[in-house]
Amino acid sequence: MTVETWTWSIIILTLIAYGYIAWRTHVKEVEGFYVAGRGVHPILNGMATAADWMSAASFISMAGLISFLGFDGTVYLMGWTGGYVLLALLLAPYLRKYGKFTVPDFIGDRYYSNTARAVAAIATIFISLTYISGQMRGVGIVLSRYLGVDITTGIITALVVVAFIGVIGGMKGITYTQVAQYGVLILAYLFVGGAIALILTGNPIPQLALTFTDIATRLSQIQVDLGLKEYVAPFGNFTMLQVFTITLALMVGTAGLPHVIVRFYTVPKASDARISAGWALLFIGLLYTTAPALAVFAKYNLLQTLNGKSIEEVRAIDWVAKWEKTKLLTFYDKDGDGKVNFAPGRVFKLSGGRPDFNNPDMNSKNEIHIDNDIIVLSTPEVAKLAPLIIALVAAGGLAAALSTADGLLIAMSSAVSHDLYYRILRPKATEAQRLLVGRIVIFIAAAIAAYLGIRPPGFVAEVVAFAFGLAAASLFPPIVMGIFDKRMNREGAISGLITGLVFTLVMIGMQRSVQIFGTPAPLMGDFLGINAQGIGVVGMLLNFVVAFIVSRLTPPPPKEVQDLVEHIRIPKGSADVKGEGH
Amino acid sequence: MDKANADAYWKANTSLIRNLLIVWAVVSYGCGIVFAQTLNNIKLFSVPLGFWFAHQGAIIIFIVLIYVYAAQMNKIDRQFGVED
């Protein structure tokens, strides 16, 4: 069978499996729809969280991004894992003890304010919607590159599957499909990482191959010889302050993402929420410690295979010819010597943030253009893996995108149907009405996501990267203070939240005004050396400081709210939380 | 649960959190970022130490920290009789 037949078979097979799981786990009550009936085993919840969390970007693009950034790629490696420590220690067990269904639920009750509830619900919808459009682009990439399916058809098909799972199975269906999706994506990733590690170093375990062989040092030396930055040396692409702030913004943002937090509402007890965060990070860490190894191996291999060879020679290699067609790998013989060489700088000039393949950048001698996505996508062919494994990688990329999309859809659905509709607009709504609204919202959100994925307005791609900064500056501080500072009150939390959110939005808007508003130059370079990706950290600090000061100048929260804080601090009784009360 | 006992439980919890977050910050922001350049002069097996922390070590230690917290808290919960 050809690679294409294998890919079709595996993708169709996995989609049927996901649909079957959702159908088997269909739900009829809100407890199942929002929080999977609080009956998910901590290890399974760990797997579901890992799939929920690892997006198309983690699976397809991250290793490539790291191989380009070298040491500084740590902003993604540490930034997208360290937040789980914050979640486990500061948030998950207490929110699980509190019970109920959503993050805005907690913020609204803890700050005895429907304004706070509404702001938190709107922040949830906004963060999730920007995030989901990125997943849809990932689906488009996988389907168009492997199967030649038109991107629009690909996105619509994927969303029908995702919406079906969400509508039928609710959180329960999503949880168990995510467990299956985790299996597919991690298997694919480890196969790829292991195969290339074995070929280049003789050790099939990528993490060990990276640590115990000198391949990273050799890559570093090759890069230096070519005039590129030393791979293992820090701060070649960002300043130390930028690495620091971006990493922190991503960590805190992770801990503030509603679709991640809500996963910890689904385990039976508060103590399960703690250990489940450990399992989640273990499962995520399997991919996140493989990615930097894969980045080193793939880059080493590309430099060794391509640099200084004649154009005919490199085009004779199967995978080079294939990926050149997709423009993920492109050559431009600038000096006309018939050979291709790596050098610092860009091969092509950029137009609208993408390389313009007809317009070489003559200021640089670089003649080999490598798209970040190629590192994961091409490695199975480079390592001469069986067509089955190549097909598995396509299915893995798809699983990563679909699982994240589903988690986001249910987060948006509960923010609208539970927080806005039931808790604020129609407190007398019946369970059946709430479920109906929840299911309709999944459809509407899926339709909007499809539109954003097919026709991304220029700024959407920009905003996706900043969803973390916004989550860090808005939702994280009021939740943490709601648990750890009994004196924190409504006035403090709301003014902090608004300060953090507005500051971060304004800063991102000004620093990225070219992409967002189409101004000729950015309205602002950076803020005290901190760029737009890291600015959420400043927003978060402002949020904490403003909230603290305002809360001390205004009356303390009412007695029953202080009792609520004492109640969530004690794990005892968390297993009894059922239904509406606590 | 009386107030004194509840306060003692909360104190035990927050000191544990503080200690673990210090380790969290030292391995990531310390070893992986601020002191990475210096640590890169030392080799761990075949790779520079700063690079290893930034690309492998910090993540592994994060995982261990969560398991330690979960295990220690189960102990503290039982000690104060507040296990769930």
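The residue list A:LYS229, A:LYS269 contains one member that is within 14 Å of another protein chain (Cβ to nearest Cβ), closer than 30 Å to B:ARG78 by Cβ and charged (D, E, K, R), which is A:LYS269.
Condition check ((1) away from chain B (no Cβ under 14 Å); (2) within 20 Å of A:LYS486 (Cα to Cα); (3) in contact (Cβ under 8 Å) with a residue 60 or more places away in the chain; (4) in contact with a helix residue (DSSP H, G or I) (Cβ under 6 Å, 6 or more places away or on another chain)) across all residues:
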| residue | (1), (2), (3), (4) |
| --- | --- |
| A:LEU505 | yes, no, no, no |
| A:VAL514 | yes, no, no, no |
| A:THR519 | yes, no, no, yes |
| A:LEU523 | yes, no, no, yes |
| A:LEU528 | yes, no, no, no |
| A:ILE535 | yes, no, yes, yes |
| A:MET540 | yes, yes, yes, yes |
| A:ILE549 | yes, yes, no, no |
| A:PRO556 | yes, yes, yes, no |
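Every condition in (1) at pLDDT 90 or above; (2) surrounded by 15 or more Cβ atoms within 10 Å (Cβ to Cβ) is met by A:ASP526 except one, and the failing one is (1).
Among A:ALA56, A:ALA120, A:ALA92, which is within 11 Å of chain B (Cβ to nearest Cβ), crowded, with 24+ Cβ neighbours inside 10 Å, touching a residue at least 40 places away in the same chain (Cβ under 8 Å) and farther than 25 Å from A:LYS229 by Cβ?
Within the list A:ALA56, A:ALA120, A:ALA92, the selection yields A:ALA92.
The combined condition, being touching a residue at least 60 places away in the same chain (Cβ under 8 Å), at the interface with chain B (Cβ under 8 Å from one of its Cβ atoms) and either crowded, with 24+ Cβ neighbours inside 10 Å or under 25 Å from A:GLN207 (Cα atoms) (or both), is not fulfilled by A:ARG263.
Of everything in the stretch B:3-16 that is surrounded by fewer than 19 Cβ atoms within 10 Å (Cβ to Cβ), within 10 Å of chain A (Cβ to nearest Cβ) and within 19 Å of the chain's Cα centre (by Cα), the residue that is farthest from B:HIS55 (Cα to Cα) is B:TRP10.
If you filter the stretch A:307-339 down to residues that are in contact with a Ser or Thr (Cβ under 8 Å, 6 or more places away or on another chain) and part of a loop (DSSP other than H, G, I, E, B), you find that the one that is nearest to A:SER513 (Cα to Cα) is A:LEU328.
Given the criteria within 14 Å of chain B (Cβ to nearest Cβ) and within 30 Å of B:TYR9 (Cβ to Cβ), does A:ILE570 qualify? When the stated conditions are applied, A:ILE570 passes them. Taking the stretch A:341-458 and the helices (runs of 4 or more DSSP H) fully enclosed by it, the elements with 1 or more residues that are free of Cβ contacts under 8 Å to residues at least 12 places away in the same chain are at A:431-454. Could you tell me whether the stretch B:36-43 includes any residue that is of a type outside the set (Gly, Ala, Ser), more than 24 Å from A:PHE238 (Cβ to Cβ) and modelled with pLDDT of 95 or more? Checked against the condition, which is being of a type outside the set (Gly, Ala, Ser), more than 24 Å from A:PHE238 (Cβ to Cβ) and modelled with pLDDT of 95 or more, the stretch B:36-43 yields no hits at all.
For the stretch A:242-255, the count of residues that are surrounded by fewer than 24 Cβ atoms within 10 Å (Cβ to Cβ), over 25 Å from A:PRO104 (Cβ atoms) and touching a helix residue (DSSP H, G or I) at 6+ places or on another chain (Cβ under 9 Å) is at least one. Considered as a group, the residues in the stretch A:59-89 that are more than 10 Å from chain B (Cβ to nearest Cβ) and not aromatic (Phe, Trp, Tyr) include one that is surrounded by the fewest Cβ atoms within 10 Å (Cβ to Cβ), and that residue is A:LEU65. If you go through the stretch B:30-47 and keep only what is at the interface with another protein chain (Cβ under 7 Å from one of its Cβ atoms), assigned to a loop (DSSP other than H, G, I, E, B) and out of contact with any strand residue (DSSP E or B) (no Cβ under 6 Å at 6 or more places or on another chain), you end up with B:PHE45, B:SER46.
The values are calculated or read from the model by the stated rules, or taken from the named source; none is laboratory data. Remember, it's a predicted structure, so these values are computed and weren't measured experimentally. Heads up, the Cβs are rebuilt from the backbone with ideal geometry, glycines too, and the neighbour counts pull from every protein chain shown.
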